[in-house]
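Single-structure report; data block below.
The values are calculated or read from the model by the stated rules, or taken from the named source; none is laboratory data. None of these values were measured; they are calculated from a predicted model. All Cβ positions, glycine included, derive from the backbone under ideal geometry; neighbour counts span all protein chains shown.
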Amino acid sequence: MNSVPGGQNGGEHLDWPVLLEAAEAAARATRGRGRVADYIPALATADPEAFGMAVATVDGELYGVGDWERPFSVQSVSKLFSLALAVAYGGDSLWRGVGREPSGNPFNSLVQLETEHGIPRNPFINAGALVVTDRLQTMTGDASGTVREFLRRESGNAGLDTDPVVAASEAEHGHRNAALAHFIASHGNLENPVETVLEHYYAHCALTTSCRDLVLAGSFLARYGVRADGTRLMSRSEAKRINAVLLTCGTYDAAGEFAFRVGLPGKSGVGGGILAILPGRAAVCAWGPRLDQAGNSVAAVTALDTLTTLSGCSVF
């Protein structure tokens, strides 16, 4: 049996700094594997060899290694927060317009929308995230601003903001997302104008964050729905359900492989970040810009795999 730094397979105490160092070493060993996202030109400039990782525990401890405070484009990791806020404000009504099943297709696929009458398979593929953004816009009048302010408050980073260059780049090359939105609207599944939904979708995906920001902002799921100030964002049951959808759908069409290797609910983004949740214990974020064929960070998946293997902490 492998020894666990500071504990025994998920025991009372874990030596997070030692675990993070081991995870970083494993991630650095993937150097040269994968490629930086270039279909959004503004993302292609990311340092391919950068790597950072952070942990925020439910007890208020914060640890990081490597480039854990270096800003990067959050991309699809923002979909976790837009979903959580839409559920917090609207409850189960959201699920009438978006499903909860893995898609088995690329994140920007149009295929299933036609056969499933404009109802996206889950909230983390692009079509589903557009519906979530639409509903959050209806509820708040400012979907992207609501996501931004939540991240600012939970992370304590008042300067966290949308990168206008990345947002503009996404909009300029967002023909497929526009097609998805128009198709959904043709089935009556958008409440706001397509242009408004796309604007807010690009804005929250283009938020610039760090591993530090994301573990602090995502810790409400580790605390079963409780925010940093002790107030409740959502019920424990709602937090459980979001974690469940993260596990089954959060890493594109490689969610089964991620569950097999890492064993945690997690949401990835093509900016290279992956935010994962250890319910009742901690939020963990790893970042490395080189992606595999499914769009997940090679270094981040390897780091998270190493951490859960050494610590014995997973949901299984």
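Can you name the number of the only condition in (1) surrounded by fewer than 24 Cβ atoms within 10 Å (Cβ to Cβ); (2) in contact with a Lys or Arg (Cβ under 6 Å, 6 or more places away or on another chain) that L275 fails?
Status for L275: all satisfied but (1).
Test L310 against the criterion of being modelled with pLDDT of 95 or more, surrounded by fewer than 24 Cβ atoms within 10 Å (Cβ to Cβ), farther than 18 Å from G128 by Cα and not aromatic (F, W, Y), and give yes or no.
yes
Looking at the stretch 249-256, can you tell me whether even one residue there is surrounded by fewer than 24 Cβ atoms within 10 Å (Cβ to Cβ), in contact with a helix residue (DSSP H, G or I) (Cβ under 9 Å, 6 or more places away or on another chain) and of a type in the set (D, E)?
No.
Residues are listed down the side, and each one gets a yes or a no for (1) more than 21 Å from the chain's Cα centre (by Cα); (2) surrounded by fewer than 16 Cβ atoms within 10 Å (Cβ to Cβ); (3) assigned to a helix (DSSP H, G or I); (4) not aromatic (F, W, Y):
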| residue | (1), (2), (3), (4) |
| --- | --- |
| V166 | no, no, yes, yes |
| S169 | no, no, yes, yes |
| A178 | yes, yes, yes, yes |
| I184 | yes, no, yes, yes |
| G188 | yes, yes, no, yes |
| E191 | yes, yes, no, yes |
| E195 | yes, yes, yes, yes |
| L198 | no, no, yes, yes |
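Among the numbered conditions (1) buried (at least 18 other Cβ atoms within 10 Å of the Cβ); (2) closer than 15 Å to N189 by Cα; (3) in contact with an Asp or Glu (Cβ under 7 Å, 6 or more places away or on another chain), tell me where S103 comes up short.
Going through (1) buried (at least 18 other Cβ atoms within 10 Å of the Cβ); (2) closer than 15 Å to N189 by Cα; (3) in contact with an Asp or Glu (Cβ under 7 Å, 6 or more places away or on another chain) one by one, S103 breaks only (2).
For the condition more than 28 Å from E257 (Cα to Cα), in contact with a strand residue (DSSP E or B) (Cβ under 6 Å, 6 or more places away or on another chain) and either of a type outside the set (V, I, T) or free of Cβ contacts under 8 Å to residues at least 40 places away in the same chain (or both), what is the one hit in D163, D134, D142?
D163
Might you check whether a residue that is of a type in the set (A, V, I, L, M) and without any contact (Cβ under 8 Å) to a residue 12 or more places away in the chain occurs anywhere in the stretch 110-130?
Checked the stretch 110-130: at least one residue is of a type in the set (A, V, I, L, M) and without any contact (Cβ under 8 Å) to a residue 12 or more places away in the chain.
For the stretch 52-105, how many residues meet the condition of being in a helix (DSSP H, G or I) and within 15 Å of G271 (Cβ to Cβ)?
7
Being of a type in the set (S, T, Y), surrounded by fewer than 18 Cβ atoms within 10 Å (Cβ to Cβ), touching a helix residue (DSSP H, G or I) at 6+ places or on another chain (Cβ under 9 Å) and within 21 Å of R236 (Cα to Cα), is that true of even one residue in the stretch 65-84?
Checked the stretch 65-84: no residue is of a type in the set (S, T, Y), surrounded by fewer than 18 Cβ atoms within 10 Å (Cβ to Cβ), touching a helix residue (DSSP H, G or I) at 6+ places or on another chain (Cβ under 9 Å) and within 21 Å of R236 (Cα to Cα).
Residues checked against (1) of a type outside the set (S, T, Y); (2) free of Cβ contacts under 8 Å to residues at least 40 places away in the same chain:
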site: S73; (1), (2): no, no
site: V77; (1), (2): yes, no
site: S82; (1), (2): no, no
site: A86; (1), (2): yes, no
site: Y89; (1), (2): no, no
site: R96; (1), (2): yes, yes
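Do you know which of the residues in the stretch 167-207 that are among the β-branched types (V, I, T) and out of contact with any Leu (no Cβ under 7 Å at 6 or more places or on another chain) is nearest to V98 (Cα to Cα)?
V194
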